[in-house]
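Notes follow once the structure below has been shown.
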Amino acid sequence: MTTHPFARLSKAPLPECFLLALAALVRFWRLDYHSFWFDEIVSLDWAGRTPGEIWDVGFHLVQEKHPPGYYLTLHLWQKFLGVLGLAQNDSALRALGALLGVATVLGLLLLVTRLSSRRAGLVTALFVTLSPVLVWYSQELRMFQPAATGLVWALCFLVMAATGPDGERGVKQSLLRIANWTGVVVTLTYTLYSYLFAAFFLPGLGLALLVLAGRRWRVLAEGCIVLGIVGLLFLPLARNAWLVNDAENLPATAFGGFATILWRQLQIFTLWRAEWSGWALTGALLLFCLLILAGLFARPSSGKPVNLLLALWIGLPLLIAGLLQATNASIFKEDRYHIYLAPFVLWAAGEGVVALARWRPWLGWGSGGLAALLLAAALPLLWTPGALREDWRAATAYIADYQAQSPGLTAGGVAHLGYLRPAVLWYLDQRIPTPGLPVFGLFGGRLTEDQMDSVIGPPLAGIESVMGAHTLWLLQSHLEGVDDEKLVERWLDERHPLITEQFPAGIKLSGYALGSRYAALPPLAVNARYPQVIIAPAIEMAACEVVTPQVTAQESRLHPPSGWVHLRAWLRAKEVVATDLQPYARLVGAGGVWGELLPRPNGVLERFPTSTWTPGEFMRVEMDINLNPLTPGGRYEAVVGFEGAAEAVCGFVEVTEK
């Protein structure tokens with residue numbers, strides 16, 4: 001009897017291979033699009049310590065609130081990349097999480113196929129492959145995706161050990177059973193020592209052992225021994241976690257607002273950040289809710305209690321977390337806290353698709369296809385400017401480009417708060433050669449008004465007086481609860497003119513001129529022009545520099561929606577100027593004016609009005625021109641002048657439309 005070729009094809013692992021390839025594609029896609037943000041820099045900071053220090057700090061949970069398992073893994077991964085010369089490469093470092101994300105899909109394919117059916121395994125793997133939240137955290141240097149991977153594989157080993165043939169006594173079967181139980185110990189212990197909230201999964205896992213073992217007492221005894229070993233290994237860390245939690249977290253009401261929390265968790269586990277209209281998003285979430293309920297309540301085709309197990313693995317962790325709100329009000333605060341449940345929620349949805357397909361094939365496969373399309377439609381948002389958290393790459397690139405166009409103006413930088421300094425240096429060191437630009441991490445604690453002169457002022461003043469810097473770059477992020485009144489920025493505003501402000505995602509970048517009056521011109525940029533023409537009564541344009549000779553008309557990273565041209569004019573009073581004058585700056589081309597000066601309340605001429613200028617001194621006047629976002633691509637003149645007087649061409653700017 002011959003087998004139809006399509007039947008043979010359906011039994012081959014081609015669909016599984018396709019899903020693994022797709023999982024790899026979306027997880028390795030644009031791995032370096034996002035800058036490392038604060039949390040990832042924290043991961044790199046801890047991973048850069050010695051293994052002994054990583055273990056000591058992570059085990060006691062005082063200096064760092066996460067256990068050492070993931071940090072030790074990242075430490076080894078970075079050491080491995082160092083051999084390849086990739087230890088400082090964003091994509092290579094994030095490849096660890098991407099590989100773990102693919103391993104999650106593989107583990108689910110094995111687990112769901114073993115416990116349920118191949119169809120359910122393929123649908124579940126497709127949903128997990130396209131899950132926005134799981135893709136996102138696969139591309140982040142944190143422990144949340146590794147926790148999901150660890151739990152999937154711990155269950156995979158548990159199911160293989162508990163559902164394997166119990167009557168065979170061969171050496172091969174014994175070794176296989178030992179290997180599976182060992183896999184449970186290793187993966188589960190690693191997960192618990194990487195992410196503490198994964199412990200919420202333990203009760204459901206223990207009950208699952210009872211369900212899977214049934215009356216096979218040998219399997220039950222072996223499983224209890226294995227879980228007991230894991231419990232003993234985890235107990236010291238659990239004790240430390242409980243003491244820290246009890247001492248530092250604020251209490252709330254157990255199960256407070258739980259219905260709203262569950263609805264929010266549903267969105268996190270499925271469409272996450274999809275920015276659709278209210279009805280569209282609600283309808284999509286209701287579809288997933290229907291599929292999940294169908295998966296939990298429909299009779300499994302495999303004859304195994306899959307729906308009961310899924311209810312244990314999804315419901316018990318959420319109930320435990322709701323109960324612990326009584327001791328920790330922030331237990332549901334962040335989207336990422338419980339994504340280790342996302343694979344199982346999507347598994348329930350996959351079971352729902354298969355269950356509906358048994359009843360009405362068109363309904364099951366139609367709803368499953370629609371759910372997959374919705375997940376896929378929510379994915380591209382992850383790699384858009386709106387999804388950027390802290391764009392340190394853009395912030396440091398601006399500083400580096402500015403300094404490259406400012407050979408005579410030495411600079412210092414301040415990362416406020418102090419613990420942001422590693423994020424600044426990570427990207428700045430890639431742009432500015434050693435010794436580079438000094439960056440200080442200052443003001444790590446809560447600042448108050450009475451510290452303006454005693455705590456805030458001295459180190460900032462020292463950057464100018466001791467270093468002799470001409471420019472100071474202030475980078476601010478995460479100020480809540482530390483500098484709510486922006487006292488550091490206020491101290492600088494009261495003493496130095498602002499030369500520019502940039503607004504990368506999650507960051508405010510401010511440039512201050514520590515020096516504005518010069519007896520002689522410092523070295524200028526290569527593209528500097530020296531008009532030496534009178535552009536207002538008694539005021540000469542001695543020189544001018546276009547600091548940003550190439551810009552885009554539409555800007556999405558620093559100050560959307562339009563690009564800015566930055567100019568630096570060197571003006572000189574030929575004699576005492578009788579009145580206070582304000583200049584204009586414009587971008588001029590075919591069709592007229594395409595950009596105007598962006599006024600700032602704390603510019604150089606507000607702090608040093610023209611009537612106070614000393615004849616013969618050169619004044620450093622920096623300006624931003626705000627472009628019309630519809631500016632056609634081409635070459636434009638940047639001009640500076642005073643109303644009612646002559647104007648001078650500062651230089652030329654190449655504008656691209658996007």
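The values are calculated or read from the model by the stated rules, or taken from the named source; none is laboratory data. Please read all numbers here as calculations on a predicted model, not as lab measurements. Every residue, glycine among them, receives a Cβ derived from its backbone with ideal geometry; neighbour counts consider all protein chains shown.
Residue by residue, here is whether (1) surrounded by fewer than 24 Cβ atoms within 10 Å (Cβ to Cβ); (2) touching a helix residue (DSSP H, G or I) at 6+ places or on another chain (Cβ under 6 Å); (3) free of Cβ contacts under 8 Å to residues at least 60 places away in the same chain holds:
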site: VAL112; (1), (2), (3): no, yes, no
site: LEU122; (1), (2), (3): yes, yes, no
site: PRO132; (1), (2), (3): no, yes, no
site: VAL152; (1), (2), (3): no, yes, no
site: ALA161; (1), (2), (3): no, yes, no
site: SER174; (1), (2), (3): yes, no, yes
site: ALA179; (1), (2), (3): yes, no, yes
(request) Filter the range 345-362 down to the residues that are without any contact (Cβ under 8 Å) to a residue 60 or more places away in the chain and among the aromatic types (Phe, Trp, Tyr), then identify the one that is farthest from SER116 (Cα to Cα). (result) TRP362
(message) Quick check on this structure: which one of VAL588, VAL604 is of a type in the set (Val, Ile, Thr), assigned by TED's automatic domain parsing to the domain that holds GLU545, at pLDDT below 95 and over 15 Å from GLU540 (Cα atoms)?
(response) VAL604
(message) For the list (1) within 26 Å of LEU409 (Cα to Cα); (2) loosely packed, with under 14 Cβ neighbours inside 10 Å, I need the number of the one condition that GLU657 fails.
(response) (1)
(message) I'd like to know if the range 386-400 contains one or more residues that are out of contact with any strand residue (DSSP E or B) (no Cβ under 7 Å at 6 or more places or on another chain), in contact (Cβ under 8 Å) with a residue 24 or more places away in the chain and among the β-branched types (Val, Ile, Thr).
(response) yes
(message) Going by what's in this entry, would GLY589 be described as on the phi > 0 side of the Ramachandran plot and surrounded by fewer than 20 Cβ atoms within 10 Å (Cβ to Cβ)?
(response) no
(request) From the list LEU370, LEU381, pick out the single residue that is more than 18 Å from VAL123 (Cα to Cα), among the hydrophobic types (A, V, I, L, M, F, W, C) and assigned to a helix (DSSP H, G or I). (result) LEU381
(request) Return yes when ALA103 is more than 24 Å from LYS304 (Cα to Cα) and at pLDDT 95 or above and no when it is not. (result) yes
(message) Conditions first: (1) in contact with a Gly (Cβ under 7 Å, 6 or more places away or on another chain); (2) buried (at least 21 other Cβ atoms within 10 Å of the Cβ). LEU316 passes all but one, so which condition is the exception?
(response) (2)
(message) Restricting to the range 632-658, count the residues that are closer than 15 Å to VAL588 by Cβ, within 38 Å of the chain's Cα centre (by Cα) and not in a strand (DSSP E or B).
(response) 1
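Yes or no, residue by residue, for (1) in the same structural domain as THR129 (by TED's automatic domain parsing); (2) within 24 Å of SER138 (Cα to Cα); (3) without any contact (Cβ under 8 Å) to a residue 24 or more places away in the chain:
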| position | (1), (2), (3) |
| --- | --- |
| GLY295 | yes, no, no |
| PRO317 | yes, yes, no |
| PRO343 | yes, yes, no |
| GLY364 | yes, no, yes |
| LEU374 | yes, yes, no |
(message) If a residue counts only when it is more than 19 Å from the chain's Cα centre (by Cα), which helices (runs of 4 or more DSSP H) contained entirely in the range 71-160 have at least 1 such residues?
(response) 90-115, 118-130
(message) Residues to consider are THR260, THR270; find the one that is surrounded by 14 or more Cβ atoms within 10 Å (Cβ to Cβ), modelled with pLDDT of 95 or more and either of a type in the set (Ser, Thr, Tyr) or not assigned by TED's automatic domain parsing to the domain that holds LEU319 (or both).
(response) THR270
(message) Looking at ALA284, ALA298, can you tell me which residue is of a type outside the set (Ser, Thr, Tyr) and at pLDDT 95 or above?
(response) ALA284
(request) Could you tell me whether GLY515 is surrounded by fewer than 18 Cβ atoms within 10 Å (Cβ to Cβ), in contact (Cβ under 8 Å) with a residue 24 or more places away in the chain and closer than 30 Å to PHE38 by Cβ? (result) no
(request) Quickly run through the range 288-310 and pick out the residues that are within 38 Å of the chain's Cα centre (by Cα) and buried (at least 18 other Cβ atoms within 10 Å of the Cβ). (result) PHE288, LEU291, ILE292, ALA294, GLY295, LEU296, VAL306, ASN307, LEU309, LEU310
(message) Condition first: within 45 Å of the chain's Cα centre (by Cα), part of a loop (DSSP other than H, G, I, E, B) and surrounded by 14 or more Cβ atoms within 10 Å (Cβ to Cβ). Now tell me which residues in the range 614-631 satisfy that.
(response) ASN628, PRO629, THR631
(request) Quickly run through the range 402-453 and pick out the residues that are farther than 25 Å from GLY515 by Cα and either of a type in the set (A, V, I, L, M, F, W, C) or touching a strand residue (DSSP E or B) at 6+ places or on another chain (Cβ under 6 Å) (or both). (result) LEU420, ALA423, TRP426, LEU447
(request) Just give me the residues in the range 235-277 being assigned to a loop (DSSP other than H, G, I, E, B), polar (S, T, N, Q), out of contact with any Ser or Thr (no Cβ under 7 Å at 6 or more places or on another chain) and over 15 Å from PHE288 (Cα atoms), in sequence order. (result) THR253, SER277
